[in-house]
Each structure stands twice: as structure tokens, then as C-alpha cells.
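The values are calculated or read from the model by the stated rules, or taken from the named source; none is laboratory data. These numbers come from a predicted model, not from an experiment. We place every Cβ from the backbone using ideal geometry, glycine too, and count neighbours over all the protein chains shown. These accessible areas exclude ligands, DNA and RNA; they are computed on the full protein's heavy atoms, side chains included. Shrake-Rupley method; radii C 1.70, N 1.55, O 1.52, S 1.80 Å.
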Amino acid sequence: MIDKEISENLTKLKVVQDDLEVVFEIESIELKDQLEDHKPKEGLDRVNELLSSNQYKVDELNIEIDRLTNHSDGIDYMVAVGSGILAGFIDMFWVGEFSLERGKDWSTEKVNNFVKKIAEWKGYKGDDLPGAIRHLENNFGAASDSNTSDFGGGLQHHLRDFAHHPTPVGLVFSMLTQFTGKSYGTDKLGIFKIVEVKNTALIGEDLPQKFLYGVVQWFFHMVSDMAGSSSSPGAGTGLPGPLLSLAKELSALPFFKDIKIGDTGLSVWISKLFNGTLLAKRDEAGKIVEPFRFDLRTEIGVGYEIGRQAIPVVLNECIVRGFYFIRRLAAEIKEKEIRRVDELKQVDWKHVLPFKNRTIVRMLTISTGTFTAIDLGDAAIRAGIKSGGNQALFLKEFVLRVNFVGVGRFAIAVGSDVGMGLKKGKLENERMALHSQQLHLMNAKIIYLQADAWIEAETTEMTINEVLGKMETTTQFFVESWNANRQSMKSIGEYRQGIQKHNPGLIAEISDILKWG
């Protein structure tokens, strides 16, 4: 602030003394070098930098929080519920109960056809399954087949001999047999064992031959075994599937070796599942009527049945996501007044595509929840009717009617919805913290601006005082010079007669100089 003395001095820009008047003009100058040295300016720049950085973070958080926010309305909810109901009715009247028999019948047919096609490709001229299997067995043997008796005979050696597992692990043990001349597997109790190969005719003599027997021949031998043997084609003991193979391999590890299912060890339980005694049909006396082998064909059948269950789930997914996409795209086209195809580039596809946002996740949670509720209700009603009050039978029938693909999809949807909600809450807390920082930074900015203003005022005061001092000195000097000139002119008048006397014509000459220059 400029004090009273400075205000009074500002009125003295025009100085009058006697008949002499002096007027000053003040020109402002920019004190750039001085201002750059001010610490408040450096602090202000730092605060502005932090404000800009925080605002960028807030903008990014706002975008992410919007993505994690549910924007569904009544129409979205109605479509989601309707889609779930439709999918539920399809599951009730078309998919039906889960049937291993139906799945295995389907997969057996597919496996048999696959074996015949491979045999024909490798030179078989017939079209019957036994002949196709025999052709492959005769042309593509396996070194570890000579150890059949060491791994439980014809009923169990496909499971216990790891080289007979149609998996990457089985391929590794096939190659290991080629390089070591030994077979690897488990005994009856699941203990890992290694035995010498009895027939080394199928052990390669050099590296290329070992790869030929261990990889190519191993693949075709697996094909010959997957549909049973030539003596019992399509019905005999096939190969264990990937799941059972993995279970058998893990059961040989020390960590799993002592695990029991009921009173049965894990390895023995797996063996019973493979040879058909665990799931066999039994008469009233408990005698096995028909074994049910859980082999590769059964696992493929399980996949087939899961695929059947997945149909209404996938349909439900397509309906909900398709509606979301079409509705949001129509809204974008209307909002941005798009009239031509080339204008579609204006569409914000992040708001249109039915992926990775809370709105579509909430719609799927509702639709899959509706589907699951209908499915579980239908399963309970049908199980109750079939069981006639028998709790054990009710549980069995209920499990067979449940669409586990739908239940799993519902669980995923709920997990995604809840996870997005938790993440949103976390991000909102981060945004609140940034807003708090912004408030503190704005206060700091105000303080720096006030400090800079005081410094500017002080600098201005010093400059004005200095200018006023110069003005006073200049005025005094001007007055003194004027007085000296007047005195000189007066003295010249007094000496005029003497000059004219001693220097005739000098005054006229000076007058001409002053007049004409």
C-alpha cells in the first residue's frame, strides 16, 4: 500500500517557482530481473505445477469411477430379467438333466469315427472299428506295452503307465522311456515305480528314431487305444482322459499320496473310477450289473453335456450384451446427429461396447441371477417329484438338474460386480484425498499471490520515492541554472556601456549570432 507521503509527492509532478513552471512525465518500467528473484514466484510456479498434476489425476479417476458406476435404468433391468427368464425356460424344456450316459454315447460315436478316419489315413482299407484298431495296433506299438503286467494288466495299465496318458506329461514319459529304456508309473497303491522295458525293439537306436518312436508312433498308439482294444472295440478299457491322467499323476506325489476319500486312498479311488467299479450300476444286492468306466470318452461326454448346459447361458449373454450395444449405439447416433456411415467415427465406442463397465456387469448379474433362480427352482421341483420324499434320491436328482455352467456364470457376475464396487469405493477415496490436496494447494496459491502483491507494492513504493527524489533534485538544478542565466543576462546589461566603449560592434555581432545562428 502506498502511504500518505507518497500520495502527496505524486501531486508534485508539476513544479512552479516564481514565473518558472516545470512539468515531469513518468514512464513505468518492468522490473523483470527483480521479480524473477522473488521466492514467492518460485513457490507459486511449484504450486501451479502440483495443481495441474493433481487435476490430471482427478480427471483420470473420474473416467475410471464413471466406468465403475452402474448407469442401468428400468429398461435395462427389464431386458435383463426377461433374458434370464427366456434362458431359464430353454434350460428347463430343452437342456434337461445332466446325463453321463447320453454324453458318453455321443462321445463314443465321435471317438470311434475318429479312430476309423486315422486308420484309413494310415492305409487301412476297411470301414469297421475292430479292423481299424487292429491296423493301428499292428503298425504303431509302444515300448511300454511290454510292461503291461507290471502296471496292473490290461484293465489298469493305461492308467498306471504314465506313457499311456494322452497328455503332455504322457508325451514326456514316452520320450523318457526312449532315452532311459525304462517305463514309469505307479503300483496298485499309487506308489511311483520304475521298471525296465522288456521289449526294446521299439526303443530308438539314434536321436531321430527316438523322436519317431517317442512322438509320432506314440500319438498313433494313443489313437489305437482310445476306443478300446480290437477284441472289445468301442466298449473296452480306453485311455484315461486329461483330468483323470492329471489326478493319477498328482496322486503319486508325496503331498497327495496319503489323501483318502472315505476309507479309500486317492490313488485306489481313481483306479476304481477308471475301471468302472466306482460308478457301476448295481442290483439290490450290490452286485455290479454294468460297469461305467470314466475314461477319455467319458470326459469328452462330460464336455458335451457341459456344452449343452452352456447353450442357454451363452444365449442369455448374447441377448443382454446385444441389447446394451444396440441401445447405447442408437443413443450415440441420436446425440451426435450422425447421418452417414463415415460419421460413425464420432461414436465414443467406450460407451457403446458391452464390455468392462459396471452397467453391463450389473445387467448380467441380474439376468444370470434370474436364470439361476429359475433353474434351481425347476431342479428342486422335479427332484422332489421323482424322489418321493427320499432325501438321498432328492439330492441326486437335484444335482443332475442343476445347470452348473449357469451357476458358475452367476458367481462370476456377482464377483465382478462386487469387485467393481470395492474398486470404485477405493478410487473415490483417492479422489477425495486429491480434492483435499487441491484445497490446500489453492490456499497456498492465495498466500503466494498475496506475498507477491506485497513485494510488488514495496518495490513500487521504492521506485516512486526514488523518482520523486530525482524530480526534486532536477527541479532544484533547473531553478539554480535559470537564476544563474538571469543573473548573467543582468550582468551583461550592466557591462553594456563598457563593452561598447572598449569593443565597438561586439554587441551587434552577438545579437546577429543569437538572431541568425
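Some points to look at:
- Derived scalar couplings between HN and Hα for the stretch 44-52 equal 5, 4, 5, 5, 4, 4, 5, 4, 5 Hz in order, rounded to whole Hz, by the Karplus curve 6.51 cos²θ - 1.76 cosθ + 1.60 (θ = phi - 60°), x for Gly and Pro.
- Listed cross-link partners 116/182; 356/426; 257/281 are compared with a 20 Å cut-off, the Cα-Cα value being larger for 116/182; 257/281.
- The stretch 241-307-the stretch 324-340 distance, computed between alpha-carbon centres (Å): 55
- Projecting label points 7 angstrom from Cα along Cα→Cβ for residue 284 and residue 94 puts them 4.2 nm apart.
- Peptides 78-86, 359-367 ranked from most to least packed, by the mean per-residue count of other Cβ atoms within 10 Å: 359-367, 78-86.
- Helical content alone sets the calculated 222 nm signal of the chain at -22000 deg cm²/dmol, taking -39,500 (n - 2.57) per DSSP H segment of four or more residues and averaging over every residue.
- 3J(HN,Hα) from dihedral phi, the stretch 114-129, Karplus parametrisation 6.51/-1.76/1.60, rounded to Hz, x for glycine, proline: 5, 4, 5, 5, 5, 5, 4, 5, 9, x, 6, 9, x, 9, 9, 5
- In the stretch 224-313, GluC sites (Glu not before Pro) in a DSSP loop with at most 11 other beta-carbon atoms within 10 Å: 284
- For residue 210 and residue 439, a Förster radius of 60 Å and the Cβ-Cβ distance give a FRET efficiency of 0.20, rounded to the nearest 0.05.
- A straight chain from residue 395 to residue 333 at 0.36 nm per residue would run longer than the Cα-Cα distance by 17.1 nm.
- Solvent-accessible surface of protein heavy atoms, probed at 1.4 angstrom with all chains present, puts 92, 442 in the order 442, 92, largest first.
- Here mean projected area of the Cα convex hull in nm² was calculated from the structure, and among (i) 26.2; (ii) 32.6; (iii) 57.6 it sits at label (iii).
- Of the residues 102, 401, 339, ranked by 1.4 Å probe accessible area with the largest first, the sequence reads 339, 102, 401.
- Heavy-atom accessible surface of the chain: percent carbon and sulfur, 1.4 Å: 61
- Cα-projected label distance for residue 353 with residue 110, points at 7 Å along beta-carbon direction, nm: 3.1
- Computed about its Cα centre, the charge dipole of the chain is approximately 3160 debye, with only Lys, Arg, Asp and Glu carrying charge at their Cβ.
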